[in-house]
Amino acid sequence: MSNDLAMAAQLAGQSLRFGWYFALNRALDWRTGQLSRMGAAPRYKPVGPVPSLQELLASQAQLLMSDALNVRDGLYPPMDDDAASLPGHLARVRQMFADLPNAYARRKQKDASTAGRQPAADGLPGYYAQDFHFQTGGYLTEDSARLYDVQVETLFMGAAGPMRRTALAPIADFMGGRDQRRVRLLDVACGTGRFLRQVRLAYPAMRLAGLDLSRPYLDEARRQLKGLRGAELIEAPAEKMPLGSASVDIVTSIFLFHELPPEVRRSVTAEIARVLKPGGLFVFLDSLQMGDRPGWDGLIEAFPERFHEPYYRHYAIDDLEGMFTVAGLEAELTTTPFLSKLMVRRKR
Ligand SMILES: C[S@@+](CC[C@H](N)C(=O)[O-])C[C@H]1O[C@@H](n2cnc3c(N)ncnc32)[C@H](O)[C@@H]1O
């Protein structure tokens, strides 16, 4: 496919995808409003400024455009982020709507305890065995793993995948002139494997590993890689990774740090620095922090009010820059694609 055609395919696919998730986002909002009139939790009104819908959509369009330009420039292939069939996807959407009243009732009660009651919670850290985002079962059930991506994409109007893909550009830079067969990439807290799938499509021969504490999410990651060359999937805590020191060339970590208590954030950073080879690449992607986009701070303020995110408020003001530097991860680049923050670091 010519580069212009690849870019056109990417833009067409992204536009359809955006339209679909925008519609789901509005439908979910409408259903949530209905539940709230039935006596569930009231809407939180932030004190800080929030962007208009136009501003949000313009920023999202910019994200999709820069992704398409990277495809045109041959940095990585067009997005193909879901191994599920269309009927499979629609079944997940139906299940998300069916689960909403229960999740909403728990939100009203501020009850985030379904994860802690799962048998799989035994032996896992207390900070982890909670219902992040009031997700039924936390990260510890098959149903949660089935619904996670549809829920996240609906929340972000289809931008979660494109935000993750911004991590592919620094990897492409790093890979210039390297033999992918000799490069080992580890995705820390890989969840359902959506990012690993993008990396695998871009680098069919790279040595890939994903690590996560959730067995059902790792099982879903395995399904997402079906038909492609697999990845080593490791069930372990990010703060104690069963990997040798200086054994990995590239570490990525996407949407993890905002869910960690401050001291665990530091242990995980130290582990990432330990497993990276000198000169290795660390690509971090997570939520925007306070002040990153001054007119958007109200969104950051509202997020943990609407969703169970017990460590997010601290994350939003944490000194990530200082934390990475102390661990020996030196600054290369920081950008803020849409609602996310991308930080590229090199191991000293
Ligand atoms: C918000 S999800 C992000 C998943 C994925 N990176 C993505 O882009 O969608 C957070 C993930 O971190 C995992 N996680 C949280 N704390 C962890 C820890 N201490 N060690 C390993 N995985 C952890 C969860 O199981 C979950 O899959």
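Summary of values
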item: Residue list for the stretch 302-329, restricted to those being closer than 30 Å to Y104 by Cα, in a helix (DSSP H, G or I), out of contact with any helix residue (DSSP H, G or I) (no Cβ under 6 Å at 6 or more places or on another chain) and modelled with pLDDT of 95 or more; result: I317
item: Residue satisfying condition, being within 11 Å of the ligand (Cβ to nearest atom) and buried (at least 22 other Cβ atoms within 10 Å of the Cβ), within set A115, A159; result: A115
item: Single condition A121 does not satisfy, out of (1) surrounded by 14 or more Cβ atoms within 10 Å (Cβ to Cβ); (2) under 23 Å from A159 (Cβ atoms); (3) without any contact (Cβ under 8 Å) to a residue 24 or more places away in the chain; result: (2)
item: Selection from the stretch 122-149 of residues that are over 23 Å from G88 (Cβ atoms), within 12 Å of the ligand (Cβ to nearest atom) and assigned to a helix (DSSP H, G or I); result: F132
item: Number of positions in the stretch 254-278 that are touching an Asp or Glu at 6+ places or on another chain (Cβ under 9 Å), in a helix (DSSP H, G or I), within 12 Å of the ligand (Cβ to nearest atom) and not charged (D, E, K, R); result: 5
item: Pair list, Cβ < 6 Å and 6+ apart or interchain, from the stretch 229-253 residues that are under 26 Å from K341 (Cα atoms) and in a strand (DSSP E or B) to residues that are of a type in the set (D, E) and within 15 Å of the ligand (Cβ to nearest atom); result: T252/D187
item: Matching residues, the stretch 171-208, being assigned to a loop (DSSP other than H, G, I, E, B) and of a type in the set (D, E); result: D179
item: Complete set of residues in the stretch 213-223 that are under 16 Å from R197 (Cβ atoms), touching a residue at least 60 places away in the same chain (Cβ under 8 Å) and in contact with an Asp or Glu (Cβ under 9 Å, 6 or more places away or on another chain); result: D219, E220
item: Flag for A246 being within 14 Å of the ligand (Cβ to nearest atom), among the aliphatic types (A, V, I, L, M), surrounded by fewer than 23 Cβ atoms within 10 Å (Cβ to Cβ) and at pLDDT 95 or above; result: no
item: Given (1) part of a helix (DSSP H, G or I); (2) touching a residue at least 12 places away in the same chain (Cβ under 8 Å), index of the condition A91 fails; result: (2)
item: Filtered residue count, the stretch 297-329, keeping only those that are in contact with a Phe, Trp or Tyr (Cβ under 8 Å, 6 or more places away or on another chain) and within 24 Å of D249 (Cα to Cα); result: 3
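So that you can scan it fast, the table gives a plain yes or no per residue for (1) modelled with pLDDT of 85 or more; (2) polar (S, T, N, Q):
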{"site": "W20", "(1), (2)": "yes, no"}
{"site": "A23", "(1), (2)": "yes, no"}
{"site": "A41", "(1), (2)": "no, no"}
{"site": "S59", "(1), (2)": "yes, yes"}
{"site": "N70", "(1), (2)": "yes, yes"}
{"site": "A83", "(1), (2)": "no, no"}
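The values are calculated or read from the model by the stated rules, or taken from the named source; none is laboratory data. Keep in mind it's a predicted model, so treat the numbers as computed, not measured. For neighbour counting, all protein chains shown are included, and Cβ atoms are generated from backbone atoms with ideal geometry for every residue, glycine included.
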